[in-house]
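Below you'll find the structure, written out as structure tokens, and then a few comments.
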Amino acid sequence: MAMACDYRIMADNPKYGIGLNETKLGIVAPFWFKDTMKSTIGRRATEHSLQLGILYSAPEALKIGLVDRLVAQDKIMSTALSTMSEWLTIPDHSRQITKTMMRKPIVERLLTQREADIQNFVNFISKDSIQKSLEMYMEMLKQRKG
């Protein structure tokens, strides 16, 4: 979801990570995740990230361009508000049209392939091997919390 944002601010905290770790769960990230990530961090970094299911630390995410800025956790809201205020100084129509031009190919592809994407996901996620992988992952998360 963060990659769809205009500007990404992340807390500089070692307990946080960001990325797409679907492959570690036996899942293939949908094309629209891949396309969005590719337009954010580039083709090679996306290929590496998706194949290995990498969750990046805050400094790593900043380095590859997955986030735009790191701030102390207690500064997240104030930084977000000041950044939003800066963006809002740009006339809405020109900012919005520019954003649409940049993102239109990904959105159009998603809309034209929505039904096929849903069917592919349902077929894939319903496989016993994928369900088992997800079950093991959920157990691991429970043990971490416990």
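The values are calculated or read from the model by the stated rules, or taken from the named source; none is laboratory data. Because the structure is a prediction, the values reported are computed rather than measured. Glycine gets a Cβ as well: all are built from the backbone with ideal geometry, and neighbour counts include every protein chain shown.
Residue count for segment 88-106 under the criterion of being surrounded by 11 or more Cβ atoms within 10 Å (Cβ to Cβ) and not charged (D, E, K, R): the result is 6. Here segment 6-21 is the region considered, the condition is being within 29 Å of MET101 (Cα to Cα) and either in a helix (DSSP H, G or I) or charged (D, E, K, R) (or both), and the residue that is modelled with the highest pLDDT is ARG8. Out of all the residues in segment 66-83, is one or more within 30 Å of VAL122 (Cβ to Cβ) and either surrounded by fewer than 14 Cβ atoms within 10 Å (Cβ to Cβ) or in contact with a Ser or Thr (Cβ under 9 Å, 6 or more places away or on another chain) (or both)? Yes. Against the numbered list (1) at pLDDT below 90; (2) exposed (fewer than 10 other Cβ atoms within 10 Å of the Cβ), LEU110 comes up short only at (2).
Here ASP74 meets the list (1) of a type outside the set (Val, Ile, Thr); (2) over 25 Å from ALA45 (Cα atoms); (3) within 19 Å of the chain's Cα centre (by Cα) almost entirely, failing just condition (3).
The number of residues in segment 46-62 that are of a type outside the set (A, V, I, L, M, F, W, C) and either assigned to a strand (DSSP E or B) or buried (at least 20 other Cβ atoms within 10 Å of the Cβ) (or both) comes to 4.
Could you tell me whether segment 50-58 includes any residue that is within 19 Å of ARG109 (Cβ to Cβ) and under 14 Å from the mean Cα position of the chain (by Cα)? Even if it seems obvious, please write down each step before you answer.
Our first condition is that a residue be within 19 Å of ARG109 (Cβ to Cβ); within segment 50-58, this holds for 50.
Among the residues that remain, those that are also under 14 Å from the mean Cα position of the chain (by Cα) are: 50.
Yes.
Of ASP117, ASP35, all but one fail to be farther than 30 Å from LYS15 by Cα and assigned to a helix (DSSP H, G or I); the exception is ASP117. Before we move on, is ARG43 under 23 Å from the mean Cα position of the chain (by Cα), surrounded by 11 or more Cβ atoms within 10 Å (Cβ to Cβ) and without any contact (Cβ under 8 Å) to a residue 24 or more places away in the chain? Considered against the rule, which asks whether it is under 23 Å from the mean Cα position of the chain (by Cα), surrounded by 11 or more Cβ atoms within 10 Å (Cβ to Cβ) and without any contact (Cβ under 8 Å) to a residue 24 or more places away in the chain, ARG43 comes out as yes. For ILE76, the criteria (1) in a helix (DSSP H, G or I); (2) within 11 Å of MET10 (Cβ to Cβ); (3) touching a helix residue (DSSP H, G or I) at 6+ places or on another chain (Cβ under 9 Å); (4) among the β-branched types (Val, Ile, Thr) hold in every case but one, which is (3).
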